[in-house]
Amino acid sequence: MSEMPGLTRDGLLGKWIWQMAEEDTLPLDEIAHELACQYQRFIDVFGREPTHLDSHHHVHMFRKFSPSSPALRRSAGLRYVLTARRC
């Protein structure tokens, strides 16, 4: 929904984001902005706030991606998120 020059290549997302996560080079400000855009788009389309957050391939469950989501969850009034368990 938003431009993410630090995450995309030729306007596309790809599996290189996993490498960026490992290298701790994710542009968390861009990710937070994109999450906020998607959240607002949901409200615009459905006329209500979402009851939960989810993500493609459950990336919200990986610690490298999750710093962007707690503030959004709090502002949205969502109390918790399912996380991966250590096996």
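Some observations on this one:
- When peptides 6-12, 26-32, 49-55 are ranked by their average number of other Cβ atoms within 10 Å per residue, the highest-first order is 26-32, 49-55, 6-12.
- Extending 7 Å from the Cα toward the beta-carbon at both MET20 and ILE43 defines two label points whose distance is 2.6 nm.
FYI, it's all coordinate maths here, none of it is from the lab. Every value quoted in this text rests on a predicted model; they were computed, and no experiment measured them. Every residue, glycine as well, gets a Cβ built from its backbone with ideal geometry; the counts of neighbours run over all protein chains shown.
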